[in-house]
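*Asks:* Here it is, the structure in full.
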Amino acid sequence: MPRSGFYGSLSSPKVDVVIDMGNPFLNRTVDGFLKIGAVGACKVVAEETFECLNRGNVSKHKLEHALKKMCKEGAYWGTVAGVYVGLEYGVERIRGRSDWKNAMIGGALTGALFSAATNNHRDKVVKDAITGGAVATAVEFINYLT
C-alpha cells in the first residue's frame, strides 16, 4: 500500500535586542527583564483576548484594564527574571564555574527573596526557595538535553 508523509522543520526567526549597559552583569539582568517581561505581557494579551471573545464585547474600560494588567504582569515577571539572571551570573562569577549549580543557587535565592518580600512565614520562604532552585535546575537540564 502506498504511503505518503510530510517532512520538514519549523523554525521561528530569532529577534535579539541588545542593550549595552557597560557591564556584563547589568547587560544580562536587563536582557532577562525585557525578554520575560514581554512574555508576561503577551500572556495577559492572550488571556484578555480570550475573555473578550468569550463574552462577546469589548469596551474602552476593558482595554484600559488589560493595558494596566499587561504592564503590571510584565514588570513583575521581568523583575523576577532580572533578579534570577543577575544572581545566577553573580554566583557563576563567585564560583568561577559555569554549571547547573549556578542555576540551582540563583533560583533558590530568587525564590527566597521574592517570597520574603511578600510574606513573613519562614516555612513559605523555604518552600519557595526549594521550588525556585528546582525549577531553575530543571530548566538548565532541559536546555542541556536540547
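*Asks:* Working only within segment 83-118, note down all residues that are polar (S, T, N, Q) and closer than 12 Å to E140 by Cβ.
*Replies:* Matches in segment 83-118: S98, N102.
*Asks:* Please work out if G86 is in the same structural domain as N143 (by TED's automatic domain parsing) and out of contact with any Gly (no Cβ under 7 Å at 6 or more places or on another chain).
*Replies:* When the stated conditions are applied, G86 does not pass them.
*Asks:* Scan segment 126-137 for residues that are closer than 21 Å to G90 by Cβ and surrounded by fewer than 19 Cβ atoms within 10 Å (Cβ to Cβ) and jot them down.
*Replies:* I130, T131, A134, V135
*Asks:* Inspect all residues belonging to segment 36-44 and state whether any of them is over 13 Å from the mean Cα position of the chain (by Cα), surrounded by 14 or more Cβ atoms within 10 Å (Cβ to Cβ), among the β-branched types (V, I, T) and modelled with pLDDT of 90 or more.
*Replies:* The answer is yes, given that some residue of segment 36-44 is over 13 Å from the mean Cα position of the chain (by Cα), surrounded by 14 or more Cβ atoms within 10 Å (Cβ to Cβ), among the β-branched types (V, I, T) and modelled with pLDDT of 90 or more.
*Asks:* Now for a different question. Anything in segment 71-94 that is hydrophobic (A, V, I, L, M, F, W, C) and in contact (Cβ under 8 Å) with a residue 12 or more places away in the chain? List them, or say none.
*Replies:* If the condition is that a residue be hydrophobic (A, V, I, L, M, F, W, C) and in contact (Cβ under 8 Å) with a residue 12 or more places away in the chain, then C71, A75, W77, V80, A81, V83, V85, L87, V91 are the ones that fit.
The values are calculated or read from the model by the stated rules, or taken from the named source; none is laboratory data. This one's a predicted model, so the numbers in the text were calculated from it and none came from an experiment. Here the Cβ is made from the backbone with ideal geometry for all residues, glycine too, and neighbour counts use every protein chain on show.
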